[in-house]
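Accompanying notes for the structure given below.
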Amino acid sequence: MIKKKVLKESIPFLFIFLASLLILNTFILLPIKLPWDAYYHLSRVNNLSSGLLQFLYPQNFLTNSRIGSITNVFYPSVNMQLIVNLIPKISTNPLFIYKAFIILEFFFSAVIAYIILHFKIKSSILIATPLSILWATFLLTTVQGGDALGLMAIPAFAYGLENLTKNKGYVFVSIGLILSFYGHLITSILTIGTLLGFYLISLMSDSDRLRVTINIVKSGIISSLGAAVILVPITVISFSNKIHTPEASVQTFKTWIQSLDFFSSPTLITIALVIAAGISISKQISRGQIIALFIAIAGTSATCWTNFASSTPLLIIQMPVRIFYYGLFLLLFFTMINMSQTKLSKNAIRVLCFSVIPAILVVMFTIHDNLSPSIDNEGHLEVSTSQDIKDYVSEEKDGYDIMSLKAFSYSTARNDSFWQLMNYSDYAPKSALANSNSSMLLSDKKGRQIAKHLIVTSTGQNIKTIKFKASPDTISFYSTEKIAKEDLKLPILGYNGTVITVMINNKKINHSIKDGQIHIHQKLSLDDKVTVKQSIPAWEIIPFIISVLTWLFLLLNNNWFKTYLSKKIKY
């Protein structure tokens, strides 16, 4: 009896995985185009694939120009690391790893939604399965990278908000908050703002205000501890260094906003139709839906707040559209919760399952049109060659022209120049740049020396390096010229607070961090191998342990998990 139930409950997970493969089939089987944001996150994924706890190393030595940018700190990587760790170790090809990551990201986005809808809301398998697949399909094809990883937390967070007046209502709110921190900083800020908005409304409308307040306070404390592995490193680096953040120009800030262009996106129109259909089926509009709708509207041109926020910390690229998408997906999942709680006839369930198909097809068409390679006059797929990549890098383009390249195949992704295609200055020390507003290193006088892997002498001489090799924790190279003993700037970003060791021919030497780079006072011959090695600092290890213990506390305070665990032990 138990085996039959386990088998029955396992089938939806298998179905979700097969659906992930089917929906992403063109992405999986064909060479793909890489928009600039996709390339950046591909770099992050491949850096994390080199170790189970690679996200604890502050600097990215392996990819993203191989200059040691501190992306693991300011781009939260826990969710990404957890998914990457499950990728089969059958290939080290960057494109294979990225495609496998997207498949698993899709799968787990759907699984999180399914767990909430089926095991917590208690909707039937026939309702929870198509809705969870639809959720993941919309999420992974509408937003990308860190945004999608942060929005994966919405199902848990939305369920928690629905149960703020209940005992242990803080558990899923905390899980949602922590997962959002693990995926994307801006999304986590929006999640906190949404929680505070819910709390204020609850104080005015709910009778059990004390219970709501207790749950809010508990969720704040627990999520802070659970997200310590993210918050502590950001705090340490921010206070120890002046960091170049990816601020947007006022014009860019004001143009990243949803307007009537909404109606030109088939995917967004389909999401809107699903929400409308859900409201019609459930015949109710919840408090969560209303709040989420107002959040979405705040990210559109229906409001004018962007005209007054251009001189505030909100001046972040894509901030308006991120607010819009956050509100839209929060509204979508609250609608799915209402649909799941509605008693549907067998015929209505059939209609629901069948209606998911055209919605998914719209998204599949979008994936093909946006990412699949073009076809030349002879019917061949247009794919970038290794020479195309070398030529692009040699032309010293800043990276925003990456879409001018053709699609990438497994063979071209192995090219050594692949990691030089983009040269972001995001989160570099400000002192490493001549212009603190430079968005790309090659367009900056000082930054280009780092991007081109040049050793800079105290006399201003730029010396090329050769045999430049990078691993997760080590970068090594040789000078192309003999250098007399003097101060040398190595082509690696330096951050105060990190644990760095510099060696020449495997012998440790003294170094310092100046002007955002690693400095040494040495002479170099042509045979001298310079090695820079990073170690995981205590301010990464201790918060990680705190976060792990917090998760154990949350799971042991979750009745569903305790019931599942007790059954496993008895069985």
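The values are calculated or read from the model by the stated rules, or taken from the named source; none is laboratory data. Not measured: the values here are computed from a predicted model. Methodologically, a virtual Cβ is constructed for each residue, glycine included, from the backbone with ideal geometry; neighbour enumeration extends over all protein chains shown. Just so you know, the surface numbers come from the protein's heavy atoms only, side chains and all, with ligands and any DNA or RNA stripped out. Shrake-Rupley method; radii C 1.70, N 1.55, O 1.52, S 1.80 Å.
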Reported set for the range 282-307 where residues are open to solvent by less than 50 Å² (accessible area, probe 1.4 Å) and among the aliphatic types (A, V, I, L, M) is I291, A292, I295, A296, A298
Those residues of the range 394-437 which are farther than 29 Å from T235 by Cβ, part of a helix (DSSP H, G or I) and polar (S, T, N, Q) amount to S394, S404, T412, S417, Q420
Among (1) among the polar types (S, T, N, Q); (2) closer than 23 Å to S49 by Cα; (3) not in a strand (DSSP E or B), S476 falls short only on (3)
Review point. For Q251, are the conditions met, namely being open to solvent by less than 60 Å² (accessible area, probe 1.4 Å) and modelled with pLDDT under 80?
Key: no
Note: among K346, K397, just one is among the basic types (K, R) and within 20 Å of M440 (Cβ to Cβ), namely K397
Restricted to the range 208-243 and to residues being free of Cβ contacts under 8 Å to residues at least 40 places away in the same chain and among the hydroxyl-bearing types (S, T, Y), the residue surrounded by the most Cβ atoms within 10 Å (Cβ to Cβ) is S224
Scanning the range 425-447 residue by residue, those out of contact with any helix residue (DSSP H, G or I) (no Cβ under 8 Å at 6 or more places or on another chain), without any contact (Cβ under 8 Å) to a residue 60 or more places away in the chain and open to solvent by 10 Å² or more (accessible area, probe 1.4 Å) turn out to be N435, S443, K445
Given the conditions (1) open to solvent by 10 Å² or more (accessible area, probe 1.4 Å); (2) assigned to a helix (DSSP H, G or I), every one holds for T165 apart from (2)
Scanning the range 364-393 residue by residue, the ones that are assigned to a loop (DSSP other than H, G, I, E, B) and open to solvent by 70 Å² or more (accessible area, probe 1.4 Å) total 3
- Message: Scan the range 498-516 and tell me whether some residue there is on the phi > 0 side of the Ramachandran plot, in contact with a Gly (Cβ under 9 Å, 6 or more places away or on another chain), part of a loop (DSSP other than H, G, I, E, B) and open to solvent by less than 50 Å² (accessible area, probe 1.4 Å).
- Response: yes
For the range 182-207 the number of residues that are outside any helix (DSSP H, G or I) and open to solvent by 40 Å² or more (accessible area, probe 1.4 Å) is 1
Result of the Cβ filter at 7 Å on the range 72-101, keeping first residues that are closer than 25 Å to S535 by Cα and partners that are part of a loop (DSSP other than H, G, I, E, B) and open to solvent by 40 Å² or more (accessible area, probe 1.4 Å), at least 6 apart or interchain, is N72/Y57; N85/L52
With the first residue restricted to the range 532-557 and required to be under 14 Å from F172 (Cα atoms) and in contact (Cβ under 8 Å) with a residue 12 or more places away in the chain, and the second required to be of a type in the set (K, R) and open to solvent by 40 Å² or more (accessible area, probe 1.4 Å), Cβ contacts under 7 Å at 6 or more apart or on different chains are N557/K168
Checked I103, I154 against criteria (surrounded by fewer than 24 Cβ atoms within 10 Å (Cβ to Cβ), under 15 Å from the mean Cα position of the chain (by Cα) and of a type outside the set (K, R)); the one match is I103
Those residues of the range 398-424 that are farther than 17 Å from N370 by Cβ, open to solvent by 70 Å² or more (accessible area, probe 1.4 Å) and at pLDDT 85 or above come to a total of 2
Per the filter on the range 162-195, residues of a type in the set (S, T, N, Q), over 16 Å from V143 (Cβ atoms) and in contact (Cβ under 8 Å) with a residue 60 or more places away in the chain are S174, T194
Picked from the range 328-358 (must be modelled with pLDDT under 85 and crowded, with 17+ Cβ neighbours inside 10 Å), the residue farthest from W135 (Cα to Cα) is L344
Inside the range 365-384, the number of residues satisfying the requirement of being more than 17 Å from Y39 (Cβ to Cβ), touching a residue at least 24 places away in the same chain (Cβ under 8 Å) and more than 26 Å from the chain's Cα centre (by Cα) is 3
Q: Look at D527 and say whether it is under 20 Å from I67 (Cα atoms) and open to solvent by 70 Å² or more (accessible area, probe 1.4 Å).
A: no
Subset of the range 479-497, residues assigned to a strand (DSSP E or B), under 27 Å from S49 (Cβ atoms) and either open to solvent by 10 Å² or more (accessible area, probe 1.4 Å) or touching a residue at least 60 places away in the same chain (Cβ under 8 Å) (or both), comes to P491, I492, L493
